[in-house]
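The values are calculated or read from the model by the stated rules, or taken from the named source; none is laboratory data. For clarity, every value in this text was computed on a predicted model and none was experimentally measured. Quick reminder, even Gly has a Cβ in these numbers, built from the backbone with ideal geometry, and neighbours come from all protein chains shown.
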Amino acid sequence: MPVDKDVAPVIEMRGITIQFPGVKALDAVDFTLRRGEVHSLMGENGAGKSTLIKALTGVYAIDSGSITVGGEPRTFHTTADAQAAGISTVYQEVNLCTNLSVGENVMLGHEVRRAGAIDWRATHREAARHLEALGVNLDTRTGLFSHSIAIQQLIAISRAMVTDSTVLILDEPTSSLDRSEVEQLFGVIRELRDRGVAILFVSHFLDQVYEISDRITVLRNGKLVGEYEAAKLPRNELISSMIGRQLEDLAELSSSAAREIDRSSAPVLKASGLGKKGVLEPADLEVYEGEVVGIAGLLGSGRTELVRLMYGADRSDSGRLEVHGKPARITTPRHAIDRRIAFSSEDRRAEGIVGDLSVAENIVLGIQARRGWLRRVKRSESDSIVAEYIDALGVRPADPDRPVRNLSGGNQQKVLLARWLATAPELIILDEPTRGIDVGAKADIQRKVAELSAKGLSVIFISSEIEEVIRLAQRITVMRDRRKIGELESNGLHVDDVIDYIANEGQENVA
Amino acid sequence: MTDLKTAATSPLSTVLGALNTFRSRHASWIPVFAAVLILVVMFGFAQWWFGNFLSLRLISALLLDNAYLLILAVGMTFVILTGGIDLSVGSVMAFTGILCASLVSQGVPAGVAVPLMIAAGAAIGLLIGVLVHYFDVQPFIASLVGMFLARGLAFLVSLRSIKVEDEWILALQSTRFKFGDFYITPTGIIALVVVVVGVLLLQFTRFGRTIYAIGGNEQSARLMGLPVVRTKILAYVISGVCAGLAGLVLTAYQGSGYPLNGSGAELDTIAAVVIGGTLLTGGSGYVIGSMIGVFVYGTIAILINFLGAEQSWKRIIVGGLLLVFVVVQRVIVTRSSRRT
Amino acid sequence: MKNIVKHRVFWPAVALVALLMLNAIARPSFLSITVQDGELYGSLISLLRNSAPLMLVALGMTIVIATRGIDLSVGAVMAVSGAVALTIIADSPTPEAPGTIATAVAVAVVVTLIAGAWNGFLVAVLGIQPIIATLVLMLAGRGIALLITNGEITTVNSAPYKFMSQGYLLGFPFAFFVSIAAIVIVVLVQRRTALGMLTEAVGINPEASRLAGVRSRGIIWGAYAASGLLAGFAGILYSSNIMAADSNAAGNLIELDAILAVVLGGTSLMGGKFSIAGTVIGVFTIQTLKSTIVFLGVPSPVTPVFMAAVVIVVVAVQSPLLRRTALRAVGSIRGSNSNTTEVAK
């Protein structure tokens, strides 16, 4: 039930700012959590959701602003401090110890002791009592590893209740649960809410957010967009407040949406029924020569998972791939590269750049990996390739010997693009290539994609910014909740059409 | 609400269900049983081959000849359970041993020398723990520093062996309590007490459970609000204290201190702990397992003696066993990570 | 000037030069080189000669460490190599014949190459942690070596075999040329091909390298094989120096010296960027340090205390804590007690 505005807030965060090297992760954000409410925190990648949670739980120190818990100003240095103040967190990748028993995980650090020694019987009895309070009946002496993620989530919540938490933070708890498991979790959440626990909920699944939340706070690029009552916030408004509107001066870029694509010959890459249990429901996708296929969908919609399966970065457990009409087995990145498919990951730092190597080395890495170690790319050859791409993409500073980790995000992205373009691929998959980079670099990358595709390169382009997808792509695949929900022709399409489609479509199609 | 596996009905499924329950409750004991099995097989083979192998005397010898190794293994178990490793134990044992011998030979009473040597072991353990935690040095390198330091210090105390004439210390080895054919000396009792204390600490204190939690998932342990730093450093200190005690036991056993003692003992200790079923990645294993591992190690040595084979076979066999256990552990870890 | 100071090998080189100068001041004889029968003698020349085994091992270790690995088995592999070579020579009717020597050396290094490949298999294919994987051979290797020599210290008399560590060529110790050859070959293989760059890429960011199509398995495997091979040659030099296969003493603790040399040379134990020049400097630093300690009248068994002190200084300088503390002293005080609260509790 929606709660009164007048209920005293358990947590008040005011003007929270956190500065990381080169970026403001949070910029004067306010956030209020009340007793007995389920409050969802929404936002795309880099919006600052996890930073806000970490500020609240003592993982990050705040640069400015104040945190008040139950009316008292507090500063947390460790998670233990936050827990002592009654704030517990359950993370997506459940932070328990799989090597220990269920009961122990519930009670760790709070075991029942008698004469200084742990009384195991009493400890397990206590653990069972806490689990039963959430409607979970199981043998507390069994190893945690033998239980499903869903049960582990509930065990983690029981643990939070052992410490009498008044605030429970659930960070993407449902991302690997199936429907019935989600139901059970929601039952527990409602139960706790009715007992007066304040619950902060994070999820990428819109349906779930609407189902469980009383209130929604939206963040974008480290700033607060607004706090809404869930019942009064239409879906498409929520989506557009999350992705924002691109008002920057990118209009000069002409749209490639109307460009005619010859789809008479076999597609460069075709996926049929490609899926993986618990990660992606079987989906189809095909890309023709010179075509840009956009994938629109929010974070966690399955967009990244789909392309990773197509590239062989992860292994699928259903479906087929065809390259130029012939069946192809792509289970490792090497298989994809040998078929002239390139993939630039959304996680630039962890999966893209090789930080300590120079710009030049990062650019030739793709070619070099293809050739093998014996046939070194000659210095002169490397110099000319590197110079060509630094110039063509406008990498700044234009110093090939500088370690790539010292470049800005936009320039690192250009280096990655250069790495793949230098291998002369037939298809390039770009996962969020324009995320978190400045407008100039964004325009450079968009221009390059449009130009190369006009010359025959096939592209799969993923972005949270729907304008960008509409402008670059001829066809858009729309995804939601780990499922492909449809395909749209982008010619004449408007951003709102896509948002409405994400918000409403699929719901009706699939029961 | 939670639907767990429906109750089994047929007798077969009852047995399977019981097995399943056992597996999910005590999976981490399975490697220990494997070590016990190896021990039993070796005993059985020797008894069948030599006829008169098994005896209470043998059990006594097995315990007393390996008392120092058993103490080291208990300390090492703590460290390995946190996911670390301690290469310094052999050298620390040599250093504290020679320190003790040197002190008592200069007339220092054993009542002063023994606490001093244990404090020395603890200090080196503390140094390693601080390097690991505060200076972000890998446990391997940090304990290497401890190893170098202790070995050098041992030679600094004396370049050659020092005979011990202190009655109190010699009595630790010469006093024999007999129970029929079985006999035990105070050194053996010390080793067994260390085992018992180790078991109690790990199984019945929050400190011990935190050790397991850190080894299982250090980040989780931190997020659960457990005292990770203190516990990790304390694990190295415990290993240092054990190495100090092992120095005492070895000195009493040999009747002298020798600065070259225990070179390679760290490897033997690690091997014994791993054979005893402790996962090198941390979080799973038991002091009792490590004790079995030490007995397996000792039995291999005795068997090779009985067979009249080269002693070099001991290292090869121990290395081979280590390999088998490590590969099996790897398979188990990969399997269980696939489950989730 | 700034570029020179910033170069990764600068500080290691400064340390080495300082150490050499200290020696030169403390004992002028340190720098003197005498010529006898066209052969050079003196402290510096012995330094070149004695450092050869460590040089070979440290080169291999550098490559392994660059892949985020470590090879603890090098000492044991040295023992195996010496045992194999000397057993072949001792069993041969013609221990002086160059053919015998060539066969002995060839068989020995092939065996150690296999040993290295075995380590590589455990790490790259089975995915076992490098410390553990190489620990197996570290344990078993010396046993195998003892088995080859029947538990004895095999000794031989063979002038050509002795020549390898004790002979002279063009006025310089032959062992020095072995060092040079190894350095040149490693530099050529790593830097003239793309192997060095790909090795660094795998060491810095394994996942990015995988997605970029780098065949990391082969690269890691090769690194351990190379380390085994180089340790094999080091074992030959060692056994040639004492003309005996002492399976317990050969390469004892050399893995630690080698790791130390790599670290002193500025290569991070976390893998990635490596510097062969740095390792060469590191090897000379360790060797000079050892000779200094002996000169100071400290008994050589006590040397480890100094080694430990050096490592503590090096890791302290490299540690993030010290850097953070320094940064904090300069700048803000934010979160200054975030590290201490947990202990205090």
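Here are the numbers for the structure shown:
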quantity	calculated
Checklist (1) on the phi < 0 side of the Ramachandran plot; (2) touching a helix residue (DSSP H, G or I) at 6+ places or on another chain (Cβ under 8 Å); (3) within 12 Å of chain A (Cβ to nearest Cβ) applied to residue B:261, failing item	(3)
Breaking point among (1) within 21 Å of residue C:131 (Cβ to Cβ); (2) surrounded by fewer than 19 Cβ atoms within 10 Å (Cβ to Cβ), for residue C:248	(1)
Criterion (crowded, with 20+ Cβ neighbours inside 10 Å and in a helix (DSSP H, G or I)) met by exactly one of A:430, A:416, A:452	A:416
One residue from A:194, A:171 being more than 14 Å from chain B (Cβ to nearest Cβ) and either of a type in the set (Asp, Glu) or over 22 Å from the mean Cα position of the chain (by Cα) (or both)	A:194
Conditions (1) part of a strand (DSSP E or B); (2) within 13 Å of another protein chain (Cβ to nearest Cβ); number of the one not met by residue A:199	(2)
Unmet criterion (only one of (1) more than 30 Å from residue B:167 (Cβ to Cβ); (2) of a type in the set (A, V, I, L, M, F, W, C); (3) at pLDDT below 95) for residue B:234	(3)
Boolean, residue A:187 is touching a Gly at 6+ places or on another chain (Cβ under 8 Å), at the interface with another protein chain (Cβ under 9 Å from one of its Cβ atoms), of a type in the set (Gly, Ala, Ser) and assigned to a helix (DSSP H, G or I)	yes
Residues of region A:344-368 satisfying the condition of being within 7 Å of chain C (Cβ to nearest Cβ), of a type in the set (Gly, Ala, Ser) and in contact (Cβ under 8 Å) with a residue 24 or more places away in the chain	A:345, A:352, A:355, A:366
Test: residue in region A:144-161 that is at positive phi and either over 27 Å from the mean Cα position of the chain (by Cα) or in a helix (DSSP H, G or I) (or both)	no
Meets criteria (part of a helix (DSSP H, G or I) and either touching a residue at least 24 places away in the same chain (Cβ under 8 Å) or closer than 29 Å to residue C:314 by Cβ (or both)) for residue C:20	yes
Residue A:63, sole failed condition from (1) within 30 Å of residue A:241 (Cα to Cα); (2) more than 9 Å from every other protein chain (Cβ to nearest Cβ); (3) touching a residue at least 40 places away in the same chain (Cβ under 8 Å)	(2)
Leading residue by the ranking (nearest to the other protein chains (Cβ to nearest Cβ)) among those in region A:301-338 that are of a type in the set (Ser, Thr, Tyr) and free of Cβ contacts under 8 Å to residues at least 60 places away in the same chain	A:332
Yes/no for residue B:302 being at pLDDT 90 or above, away from every other protein chain (no Cβ under 14 Å), farther than 30 Å from residue B:104 by Cα and in a helix (DSSP H, G or I)	no
Matching option when the condition is within 14 Å of chain B (Cβ to nearest Cβ), out of contact with any Lys or Arg (no Cβ under 7 Å at 6 or more places or on another chain), in a helix (DSSP H, G or I) and more than 23 Å from residue C:221 (Cα to Cα), among C:90, C:83, C:133, C:104	C:83
Condition met for residue C:141 (within 14 Å of chain B (Cβ to nearest Cβ), under 23 Å from residue C:57 (Cα atoms) and surrounded by 24 or more Cβ atoms within 10 Å (Cβ to Cβ))	yes
Selected residue [under 29 Å from residue C:317 (Cα atoms) and more than 20 Å from the chain's Cα centre (by Cα)] from C:58, C:26	C:26
Residues of region C:165-185 satisfying the condition of being in contact (Cβ under 8 Å) with a residue 40 or more places away in the chain and at negative phi	C:165, C:166, C:168, C:172, C:173, C:175, C:176, C:178, C:179, C:182, C:183
Residue count, region C:242-255 (criterion: at pLDDT 85 or above and within 12 Å of chain B (Cβ to nearest Cβ))	1
Subset tally (residues that are assigned to a loop (DSSP other than H, G, I, E, B) and at the interface with chain A (Cβ under 7 Å from one of its Cβ atoms)) for region B:210-227	4
Candidates A:94, A:38 - the one that is within 14 Å of another protein chain (Cβ to nearest Cβ), in contact (Cβ under 8 Å) with a residue 24 or more places away in the chain and buried (at least 19 other Cβ atoms within 10 Å of the Cβ)	A:94
Counted residues, region A:97-117 - those being facing chain B (nearest Cβ under 7 Å) and in contact with a Lys or Arg (Cβ under 7 Å, 6 or more places away or on another chain)	4
Residues of region A:65-84 that turn out to be more than 14 Å from residue A:223 (Cα to Cα), in contact with a strand residue (DSSP E or B) (Cβ under 8 Å, 6 or more places away or on another chain) and outside any helix (DSSP H, G or I), as a count	9
Spans of helices (runs of 4 or more DSSP H) in region B:63-137 with at least 2 residues surrounded by fewer than 24 Cβ atoms within 10 Å (Cβ to Cβ) and either modelled with pLDDT under 95 or in contact with a Lys or Arg (Cβ under 6 Å, 6 or more places away or on another chain) (or both)	B:89-105, B:110-134
Which listed residue is crowded, with 23+ Cβ neighbours inside 10 Å and outside the structural domain of residue A:260 (by TED's automatic domain parsing), from A:361, A:346, A:381	A:361
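Yes or no, residue by residue, for (1) modelled with pLDDT under 80; (2) in a helix (DSSP H, G or I); (3) more than 10 Å from every other protein chain (Cβ to nearest Cβ):
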residue	(1), (2), (3)
C:240	no, yes, yes
C:263	no, yes, no
C:266	no, no, yes
C:292	no, yes, yes
C:312	no, yes, no
C:327	yes, yes, yes
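Residues checked against (1) touching a residue at least 40 places away in the same chain (Cβ under 8 Å); (2) of a type in the set (A, V, I, L, M, F, W, C); (3) closer than 20 Å to residue B:70 by Cβ; (4) surrounded by 22 or more Cβ atoms within 10 Å (Cβ to Cβ):
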| residue | (1), (2), (3), (4) |
| --- | --- |
| B:246 | yes, yes, yes, yes |
| B:260 | yes, yes, no, no |
| B:263 | yes, no, yes, no |
| B:285 | yes, no, yes, yes |
